[in-house]
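The values are calculated or read from the model by the stated rules, or taken from the named source; none is laboratory data. This is a predicted model, so every value here is computed, not measured. Cβ placement follows ideal geometry from the backbone for every residue including glycine, while neighbour counts extend to all protein chains displayed.
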Number of protein chains: 4
Amino acid sequence: MPVDRDTRLQEWERRAQPYLFIASILFLTSYTVRVLIPGLSPGWDALWETVTIVSWAAFVAEYLARLAYSRDRWHFVRTRWLDLIVTVLPLLRPLRMIDLHERMQLRRAVPGLALEARVMTYSGLAALLLGYAAGLAVYHDERSAPDANIRTFGDAVWWAASTLTTTGYGDATPVTPRGRVIAVGLMFVGVALVGAVVGSFSAYLMRRFRQEGER
Amino acid sequence: MPVDRDTRLQEWERRAQPYLFIASILFLTSYTVRVLIPGLSPGWDALWETVTIVSWAAFVAEYLARLAYSRDRWHFVRTRWLDLIVTVLPLLRPLRMIDLHERMQLRRAVPGLALEARVMTYSGLAALLLGYAAGLAVYHDERSAPDANIRTFGDAVWWAASTLTTTGYGDATPVTPRGRVIAVGLMFVGVALVGAVVGSFSAYLMRRFRQEGER
Amino acid sequence: MPVDRDTRLQEWERRAQPYLFIASILFLTSYTVRVLIPGLSPGWDALWETVTIVSWAAFVAEYLARLAYSRDRWHFVRTRWLDLIVTVLPLLRPLRMIDLHERMQLRRAVPGLALEARVMTYSGLAALLLGYAAGLAVYHDERSAPDANIRTFGDAVWWAASTLTTTGYGDATPVTPRGRVIAVGLMFVGVALVGAVVGSFSAYLMRRFRQEGER
Amino acid sequence: MPVDRDTRLQEWERRAQPYLFIASILFLTSYTVRVLIPGLSPGWDALWETVTIVSWAAFVAEYLARLAYSRDRWHFVRTRWLDLIVTVLPLLRPLRMIDLHERMQLRRAVPGLALEARVMTYSGLAALLLGYAAGLAVYHDERSAPDANIRTFGDAVWWAASTLTTTGYGDATPVTPRGRVIAVGLMFVGVALVGAVVGSFSAYLMRRFRQEGER
């Protein structure tokens, strides 16, 4: 009964969503708190660290469980590569959430937004999330570097915005190797996502002006 | 008679346009004067401040009047979000003017420009206006900051141009938190608008070359 | 006989082309020589200055003659705006040359390049020419400025390349007001032209891959 | 029997591929080793230099052999311009490899990736390779320049990434004439390739969202 097995996997994924969503919010919150509030008391620090670890462990366990259950494991890994990425880098997990929210709306046939608006919303939210995650991670690495020019979280957000839009002023740039690796990732993924936002905005304007011209 | 009510709302909007246009010119002029000519005599300063406040109050009153008159208020807020933005940030109001001018031309069936030329004109004017408004606002915030490198309005215009085109030289960048928030807004909205200009210019060239090739 | 008049205007334009082409080469050469070789002897300097003035005068005379001859002058000015621009700013005249070369090839039904290749060639050549002209003009203005960082023509070319591609390193940027005005022009026109090159290259790749996939 | 001659040329190209692929890997490896490990013993240095020269000689010999064998030599040079470029600049040869791999997959009718995914893969790999080659070459030129800010290979990679995405922070930029010539090449070719990646990613998102909307 292979069809049954696929159906049960999908059923499982649908039911696990709310819990994974809560876990991803907990992960993002705990990581944010631990990066942005460095002078936590040992008790709170241990608590938030536990939250980070437990939520990450939940993601890994859920991924492995689905992998073990799937009929063709290599096929599962290859077609679900976004799941693997957000399991290894849980800061990006909300990407998966946007994706799933999108699919569910479509399944329920919610009328929803125009095609371009959906691409813009999805790419724009993904870009903002990536910018936030990269800003946090870069700030975490850079703030203790001796010759860094990213000294506050505000600097890190400013850097992330000027990187995502490819403006690149250069008044705030990472100097540590890890910070630069994160930056290169943000540049390449960000340029593609922001390009998709710009492209769909452009297509939306063209379509709207065409429709108004026809009326 | 709900149809009658919608029709009357549109009739009202059509009639209010010239007055709102004058008010938006007065707002932009008074804001410009107050930012660019700091050594005004108290009398003139008070006069221009009054112009600023009165024109803003006119926008707010007009928006609230329309909101109160509309049948479905939540629907009004949601579908007229551009109206809400230009009421809260009146520096951007001319955007609404371009939009309305465009619609009226279409209603009167003015032959007008090709599709791409209209998208380019609209996006380009919106980008220039945004750049001007952001330049003014950033200059206003930065000129008194101790370590600013935007010291004249010329610097602010230079910064706005290098930001809108995503060149981002970095020789003039905002350093105050408020200046940076405005800059992030300009980056994201500007990259989309300039991208739309570039996209429609590209589409226009492609179409013109195709037509010449067919002849 | 209005048709006859239009035909004669076109005939005149066709015949004047080779002379205008030579004049535009002379203008570009004389401007280049006078900017790049500042220590010319008075005699040579006067000669090259005469070449600049005479060739410019030829452009103006030719434009005015055509304007005077055309039936509807306002229509002539509006539809031939590229002619007006390259008459006022003769450094950009080769743009007109590329345009005319293109049209003539089409009239003679030369098989020529694919659509995307023609858009790429035209936009790319226009971008290179604009970059060269802007580099020359900025170098001319900046080299004597006290705190300039564009000190050699090589710096100016480097600046023009990083501006056209919107990279904008910021290690060489104009500091004089005139230099910055030229830079803003290069940024906006350059971003559109380079965007058209990128867009048509992208469309070309898509088409070629699609064709190979179909075979 | 001209058809036979073309067929034999293609047969030859097909058979020579594996050897040329090995030679291009050897060239890239030997160039990388000689740039990144400057303190090689004379023996190893001579060995790697020989590898560089021999593999380059193989490329030149193979190109000349094919040129000599082809019926219409001018046509061969014009239609095979990518072959000429990768023979003169062998650091870019893997571009040819990607191209051939692509063509062979198509000939064997491998189902393979969607159109946009293929354009993205091809342009993205070409951009990465160009960035790597430009980084190596710039590092080679800059590391001994007195006022350089590209001092390590890491700096060169960081510079190449910020150039390819047109971010252009400006904290690491070439200062030598040769480094800048390479940089200008990377900017122009890179902006086109990365633009193609962004454009096809955008088209892919649009298509996927449209398909999901239709289901």
Completion exercise
The correct count of residues that are among the small types (Gly, Ala, Ser) and either over 22 Å from D:Gly168 (Cα atoms) or in a loop (DSSP other than H, G, I, E, B) (or both) in segment B:136-169 is 6
Practice task
Quickly run through segment D:179-215 and pick out the residues that are at the interface with another protein chain (Cβ under 7 Å from one of its Cβ atoms), over 16 Å from A:Tyr122 (Cβ atoms) and among the β-branched types (Val, Ile, Thr).
Solution key: D:Val184, D:Val191, D:Val194, D:Val197
Handout entry: Breaking point among (1) within 11 Å of chain A (Cβ to nearest Cβ); (2) closer than 14 Å to A:Thr167 by Cβ, for B:Ala160
Key = (1)
Exercise for the section: Test A:Leu164 against the criterion of being farther than 27 Å from B:Asn149 by Cα, touching a residue at least 12 places away in the same chain (Cβ under 8 Å) and either assigned by TED's automatic domain parsing to the domain that holds A:Ile85 or not polar (S, T, N, Q) (or both), and give yes or no. Expected result: no
Fill in the blank from the handout: Exactly one of B:Ala148, B:Ala160 is of a type in the set (A, V, I, L, M, F, W, C) and under 30 Å from C:Val119 (Cα atoms), and that one is B:Ala160
Completion exercise
Going through segment B:132-157 in order, the residues found to be among the aliphatic types (A, V, I, L, M) and either surrounded by fewer than 16 Cβ atoms within 10 Å (Cβ to Cβ) or closer than 13 Å to B:Gly179 by Cβ (or both) are B:Ala134, B:Leu136, B:Ala137, B:Val138, B:Ala145, B:Ala148, B:Ile150, B:Ala156
Fill in the blank from the handout: Residues of segment C:173-215 being more than 23 Å from B:Val197 (Cα to Cα) and either in a loop (DSSP other than H, G, I, E, B) or modelled with pLDDT of 90 or more (or both), in sequence order, are C:Thr173, C:Pro174, C:Val175, C:Thr176, C:Pro177, C:Arg178, C:Gly179, C:Arg215
Fill in the blank from the handout: Note on C:Ala145: of the conditions (1) touching a helix residue (DSSP H, G or I) at 6+ places or on another chain (Cβ under 6 Å); (2) more than 7 Å from every other protein chain (Cβ to nearest Cβ), unmet is (1)
Completion exercise
If we take segment D:10-98, then helices (runs of 4 or more DSSP H) inside it with 1 or more residues that are aliphatic (A, V, I, L, M) and more than 16 Å from the chain's Cα centre (by Cα) are D:42-69, D:73-79
Exercise for the section: Would you be able to say whether some residue in segment B:109-119 is under 21 Å from the mean Cα position of the chain (by Cα), at pLDDT 90 or above and either part of a helix (DSSP H, G or I) or within 29 Å of A:Met120 (Cβ to Cβ) (or both)? Expected result: no
Exercise for the section: Kindly provide the set of residues from segment C:1-42 that are within 30 Å of C:Thr152 (Cα to Cα), among the hydrophobic types (A, V, I, L, M, F, W, C) and touching a residue at least 24 places away in the same chain (Cβ under 8 Å), ordered by number. Expected result: C:Phe21, C:Ala23, C:Leu26, C:Phe27, C:Leu28, C:Val35, C:Leu36
Problem - Failed item in (1) surrounded by fewer than 19 Cβ atoms within 10 Å (Cβ to Cβ); (2) over 25 Å from the mean Cα position of the chain (by Cα), with B:Asp171 passing the rest - result: (1)
Exercise for the section: Go through segment B:46-73 and give me each residue that's at pLDDT below 90, of a type in the set (Gly, Ala, Ser) and either surrounded by 12 or more Cβ atoms within 10 Å (Cβ to Cβ) or under 19 Å from B:Leu36 (Cα atoms) (or both). Expected result: B:Ala65, B:Ser70
Practice task
Evaluate the following for A:Leu129: is it surrounded by 19 or more Cβ atoms within 10 Å (Cβ to Cβ), modelled with pLDDT under 90 and closer than 23 Å to A:Gly39 by Cα?
Solution key: no
